[in-house]
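Asker: Starting off with a structure, shown below.
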Amino acid sequence: MTDRVAGPGREAAADVVIVGAGVVGTAIARTLAAYQLDVVLADAAPDVGTGTSKANTAILHTGFDAKPGTLESRLLARGSALLRPYAAAAGIPVERTGALLVAWTDEQEAALPGIADNARRNGYQAVRPVRASDLYAREPRLGPGARGALEIPDESIICPWTTPLAFATEAVQAGVRLLLSAQVTGLSQADGGHQVTTTRGPVRARWVVNAAGLGSDVVDAMFGGNGFTIRPRRGQLIVYDKLARPLLGSILLPVPTARTKGVLVAPTVYGNVLLGPTAEDIGSRTDTGTTADGLAALLAAGRRILPGLADEEVTSTYAGLRAATEHADYQVYVDAGQRYACAGGIRSTGLSASLGIAEYLVAEMEQAGLTLRPRAGAPARPPVMPSIGEASLRPYQDAGRIAADPGYGEIVCHCERVTRGEIRDALASPVPAVELGGLRRRTRATNGRCQGFYCGARVAALLAERP
Amino acid sequence: MTSAAEMNAAARDVDVLVVGAGPAGLSAARELRRLGAGTVLVADRETEAGGVPRHSWHTGYGLRDLHRVMTGPAYARALAGAAAAAGAELRTGTTVTGLETTLDGTQLAELTSPDGLQVVRAGMVLLATGCRERPRAARLVPGDRPAGVLTTGELQQRVYLGRERRPGRALVVGAEHVSFSAAVTLAHAGAEVVALVTEYERQQSYAAFRLGAAVRWRIPVWTSARISRVTGRGRLDGVEVTDTRTGTTRFVPCETVVFTADWIPDHELARRADLVIDPGTRGPAVDTALATSAPGVFAAGNLVHAAETADIAALSGRHAAQSIAAALAGGAVGPEAAGREAAGGAGPVPVLVAPPLGWISPNVVTSAVPPPLGRFVLRSQAFRQATRLEARQDGRLLARTRPHRLVPGRPVHLTADWLEQVRPDGGPVWVVTAG
């Protein structure tokens, strides 16, 4: 079901092959899927959304702090506006918690009016100043010493795992062929089209879309290169237990200054609290390890922002790599002559901007000669994804669902209250989980405070029984 | 969701709801029935009753409560059988997802199971939700996140319930009783146990158990050492071990690493119900009758002392059952018995410890009811030779023990023959080490 692609012997070339099934690649795939096109979506990993897309701060940004006039600013605002209704329709967990940009020093306080001005120049008008007394009334557990804040009422938290899964599910249901565990190793030209060599055989296509994230410069170089190099920036994060969730209401953002970038504290849609990220420029494209220094720095920052965190248990720590480049803006462009479209250098706003990037890039491809004929029949609608957020009714809480299917009353992962019914569904979905990480991203199973002490063996057994 | 009114209408009434069917909960259920406490419902989220002993295949269970020795699974079956035979209703696969006290003092619990949602209205509730080991992430061990990094709980279920083999090299983090148990489990699963790694300057298990495990498989204990990094993409390649005295590190290749001990009570339900939590045990604060800060809610077993052996947890459950039965029969225990109002508003007296002591249980005095086995149980966070424990209230000496040897992870006891001397209107009782 997943690999709806023929092997090397396939005769006809596809219209488009998308390299990279992260949140940007899957967004492009579901956008192209609305048209009469034969699309292949390839990724080196055995699942979608396994790179930068899975390990980030899980915030749906408004783009208030983008650099005005950049493509990032424009696509972020547009993508965020598109993703909000899409998420609501698809059941992607989103909570509009709002954010408070908290100033702790004179320098930071002095920077707030400029940030508010910047937000308005980005077209975001709802930002407003908050006095210290009002700030503490809203966030009584905030550490002492805050001078004041800016409120960004539309900043939201989102499930970063369900988002690319929803895009991929919509794409696959509309006929896009998903080719996983297929690392791109080369490119050649044949019969007036591209032949992309992968570890699962060659794929021929008229167009190539580069959505390869941390590898986007490598793919770009295959087309001659347009002058960008990925400089991976690692972000380490700490996830606190759900019992810490009452400590805050909004996303607590740092005020960026010339000297420090600062870390944020945010609720998650799973009911946890997130602290991070660090920002380390590292040479490696694969080193997603945490470090003692990184975690210590986060703990120190967390103690200041929200002292109550120190008494709470840590559930998880992780690190993600952002696909930063030497440029301050996205590297999104189309080369009509080569029938090549690039969506590279999407640093840390790709989740929020994904649908905006896809819309923009597909329009550019049409300009460059790609024929877009809408598919016959009713337009595709977002798929309905299993809701794994705390803001909606979970299956274990739903008497009707349990009555219809007792599997939804059988809790397997106790910390996250994931039922056997949900695990079964994730293993049989249109883009099914094939290993534990994928099951975790689809259901939250084993993600909780015990990290498998109670359910690890049972979940492994259920995974082993997958169809 | 059904409305509160509908739920209330569909509510099931019991005299006592026991949350958790491990040694404490099952022993309590049997004792409650024996004492004529009425209807007793035991809910457990696992598919089988018995708790952690279900997947602990070494012998030694039952010594102090059943007065015979058996394996963990046999012990689990014995306790579940005894509770059922006494007339307690055991419901497995049933999670208590919420607990609150109504205005009239009854307890309302929300249950989820394959049979649906149910509200249980109980006169009294006993929390016996046990404890677990802190996993690697909670210990903030940096590095990659490969498979093959486990706790003893997961390891034992994989090996003894799932018949999993784990060939290759393995390291065990910790060197107390459970750590040797993990080493034995790994050996059973076909692993070559390279070493036990402990930050302490020596191991902490009992000689007999240590010899049984370590001599048979010749497992060394690396002391003053810690795992400072986990390495591997997908699969575990190995770990970096740091000598805490010299700071030097070395890479140790292995396929499995098991993080043992470092217990934390499973206190989610207690915290969500807003019970006062003891800062030392991190379980609900309990008085010597094992009453929590909420009237009608009791707590027992490793939820209030993580982790004692199963038989001690069982005796703790039995003790709580006696308090509950007395309360149901009209004899006030717990916060009420302290006569908070009668004593002019004086609250319950907390019992606190200072380092190197880590926690004490019970940790509140509201009456002269003796605690389980007539003694408080404590943990030290450091080794000490020939150290006396002292209990003082407002500087006044209440008790002084004979010299104890303190070993991290092992119990030390304080006889509770001084409760009559605690002044309900005084400050906290401090239990400290003294020479």
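Asker: Restricting the search to segment B:18-50, which residues are in contact (Cβ under 8 Å) with a residue 60 or more places away in the chain, more than 15 Å from residue B:302 (Cβ to Cβ) and in a loop (DSSP other than H, G, I, E, B)?
Answerer: B:35, B:36, B:37, B:38
Asker: Only one of (1) more than 7 Å from every other protein chain (Cβ to nearest Cβ); (2) over 22 Å from the mean Cα position of the chain (by Cα) fails for residue B:179. Which number is that?
Answerer: The number of the failed condition is (2).
Asker: Against the condition within 9 Å of chain B (Cβ to nearest Cβ), small (Gly, Ala, Ser), touching a residue at least 12 places away in the same chain (Cβ under 8 Å) and surrounded by 19 or more Cβ atoms within 10 Å (Cβ to Cβ), how does residue A:409 come out, does it pass?
Answerer: Against the criterion (within 9 Å of chain B (Cβ to nearest Cβ), small (Gly, Ala, Ser), touching a residue at least 12 places away in the same chain (Cβ under 8 Å) and surrounded by 19 or more Cβ atoms within 10 Å (Cβ to Cβ)), residue A:409 qualifies.
Asker: Of all residues in segment A:303-324, count the ones that are out of contact with any Gly (no Cβ under 7 Å at 6 or more places or on another chain) and over 24 Å from residue A:53 (Cα atoms).
Answerer: Going through segment A:303-324 one residue at a time, the tally reaches 6.
Asker: Can you find a residue in segment A:12-23 that is at pLDDT below 95, out of contact with any Cys (no Cβ under 8 Å at 6 or more places or on another chain) and more than 25 Å from residue A:262 (Cα to Cα)? So that I can check it myself, show each step before the final result.
Answerer: To start, the set of residues in segment A:12-23 that are at pLDDT below 95 comprises A:12-13.
Now restrict to residues that are out of contact with any Cys (no Cβ under 8 Å at 6 or more places or on another chain): A:12-13.
In the following step, the residues that additionally are more than 25 Å from residue A:262 (Cα to Cα) were identified as A:12-13.
Looking for residues that are at pLDDT below 95, out of contact with any Cys (no Cβ under 8 Å at 6 or more places or on another chain) and more than 25 Å from residue A:262 (Cα to Cα), one finds at least one in segment A:12-23, hence yes.
Asker: Looking at residue A:285 and the list (1) within 14 Å of another protein chain (Cβ to nearest Cβ); (2) crowded, with 17+ Cβ neighbours inside 10 Å; (3) under 23 Å from residue A:450 (Cβ atoms); (4) not aromatic (Phe, Trp, Tyr), which single condition is not satisfied?
Answerer: The single condition residue A:285 does not satisfy is (3).
Asker: So if I check each of B:104, B:44, B:65, which one is buried (at least 18 other Cβ atoms within 10 Å of the Cβ), of a type in the set (D, E, K, R) and more than 14 Å from every other protein chain (Cβ to nearest Cβ)?
Answerer: That would be B:65, the only listed residue that is buried (at least 18 other Cβ atoms within 10 Å of the Cβ), of a type in the set (D, E, K, R) and more than 14 Å from every other protein chain (Cβ to nearest Cβ).
Asker: Still on this structure, please answer the following. Is it true that some residue in segment B:123-141 is under 22 Å from the mean Cα position of the chain (by Cα), under 30 Å from residue B:315 (Cβ atoms), within 7 Å of chain A (Cβ to nearest Cβ) and assigned to a helix (DSSP H, G or I)?
Answerer: yes
Asker: Just to verify a result, which residue in segment B:148-169, among those that are at the interface with another protein chain (Cβ under 7 Å from one of its Cβ atoms) and of a type in the set (Gly, Ala, Ser), is surrounded by the fewest Cβ atoms within 10 Å (Cβ to Cβ)?
Answerer: B:162
Asker: Only strands (runs of 3 or more DSSP E) wholly contained in segment B:352-435 count here; list those with 3 or more residues that are over 22 Å from the mean Cα position of the chain (by Cα) and at pLDDT 95 or above. Explain how you work it out, then say what you get.
Answerer: Details: elements: B:357-361, B:375-380, B:384-393, B:396-400, B:404-406, B:412-415, B:429-434.
Because the criterion is at least 3 residues that are over 22 Å from the mean Cα position of the chain (by Cα) and at pLDDT 95 or above, the strands (runs of 3 or more DSSP E) in segment B:352-435 that meet it are B:384-393, B:396-400, B:429-434.
Asker: Tell me, yes or no, whether segment A:89-106 has at least one residue that is surrounded by fewer than 18 Cβ atoms within 10 Å (Cβ to Cβ) and more than 29 Å from the chain's Cα centre (by Cα).
Answerer: Among the residues of segment A:89-106, at least one is surrounded by fewer than 18 Cβ atoms within 10 Å (Cβ to Cβ) and more than 29 Å from the chain's Cα centre (by Cα), which makes the answer yes.
Asker: Please give the number of the condition residue A:56 fails out of (1) out of contact with any helix residue (DSSP H, G or I) (no Cβ under 9 Å at 6 or more places or on another chain); (2) over 30 Å from residue A:201 (Cβ atoms); (3) not in a helix (DSSP H, G or I).
Answerer: So residue A:56 meets the others, but not (1).
Asker: Follow-up question, since we're still on this one. For segment B:17-30, indicate whether the set of residues that are at pLDDT below 95 and away from chain A (no Cβ under 14 Å) is non-empty.
Answerer: Filtering segment B:17-30 for residues at pLDDT below 95 gives none.
No, every residue in segment B:17-30 fails to be at pLDDT below 95 and away from chain A (no Cβ under 14 Å).
Asker: Something else now. Looking only at segment A:442-467, which residues are outside any loop (DSSP other than H, G, I, E, B) and either within 25 Å of the chain's Cα centre (by Cα) or touching a residue at least 24 places away in the same chain (Cβ under 8 Å) (or both)? Talk me through it step by step, then tell me what you get.
Answerer: Initially, segment A:442-467 is screened for residues outside any loop (DSSP other than H, G, I, E, B), giving A:442-443, A:456-464.
Result: A:442, A:443, A:458, A:459, A:460, A:462, A:463.
Yes or no, residue by residue, for (1) within 14 Å of another protein chain (Cβ to nearest Cβ); (2) crowded, with 17+ Cβ neighbours inside 10 Å:
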site: A:227; (1), (2): no, no
site: A:249; (1), (2): no, no
site: A:261; (1), (2): no, no
site: A:267; (1), (2): no, yes
site: A:270; (1), (2): no, yes
site: A:278; (1), (2): yes, yes
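Asker: Considering only segment A:381-397, state which residues are within 11 Å of chain B (Cβ to nearest Cβ) and surrounded by fewer than 19 Cβ atoms within 10 Å (Cβ to Cβ).
Answerer: A:393, A:397
Asker: I've got another one for you. With the condition kept exactly as written, say whether any residue in segment A:202-223 is in contact (Cβ under 8 Å) with a residue 24 or more places away in the chain, touching an Asp or Glu at 6+ places or on another chain (Cβ under 9 Å), within 27 Å of residue A:19 (Cβ to Cβ) and among the basic types (Lys, Arg).
Answerer: If we filter segment A:202-223 for residues that are in contact (Cβ under 8 Å) with a residue 24 or more places away in the chain, which is where we start, we get A:202-217, A:219-220, A:222-223.
In the following step, the residues that additionally are touching an Asp or Glu at 6+ places or on another chain (Cβ under 9 Å) were identified as A:204-207, A:210, A:212, A:223.
Now drop any that are not within 27 Å of residue A:19 (Cβ to Cβ), which leaves A:204-207, A:210, A:212, A:223.
Filter once more, so that each one left must be among the basic types (Lys, Arg): A:204, A:206.
Taking every residue of segment A:202-223 in turn, at least one turns out to be in contact (Cβ under 8 Å) with a residue 24 or more places away in the chain, touching an Asp or Glu at 6+ places or on another chain (Cβ under 9 Å), within 27 Å of residue A:19 (Cβ to Cβ) and among the basic types (Lys, Arg).
Asker: For the structure I just gave you, tell me whether residue A:404 is hydrophobic (A, V, I, L, M, F, W, C), over 20 Å from the mean Cα position of the chain (by Cα), assigned by TED's automatic domain parsing to the domain that holds residue A:214 and farther than 25 Å from residue A:83 by Cβ.
Answerer: Details: hydrophobic (A, V, I, L, M, F, W, C): yes; over 20 Å from the mean Cα position of the chain (by Cα): yes; assigned by TED's automatic domain parsing to the domain that holds residue A:214: no; farther than 25 Å from residue A:83 by Cβ: yes.
Spelling it out, it is not the case that residue A:404 is hydrophobic (A, V, I, L, M, F, W, C), over 20 Å from the mean Cα position of the chain (by Cα), assigned by TED's automatic domain parsing to the domain that holds residue A:214 and farther than 25 Å from residue A:83 by Cβ.
The values are calculated or read from the model by the stated rules, or taken from the named source; none is laboratory data. Since this is a predicted model, take the numbers as computed values, not measurements. Cβ atoms come from the backbone with ideal geometry, glycine included; neighbour counts cover every protein chain shown.
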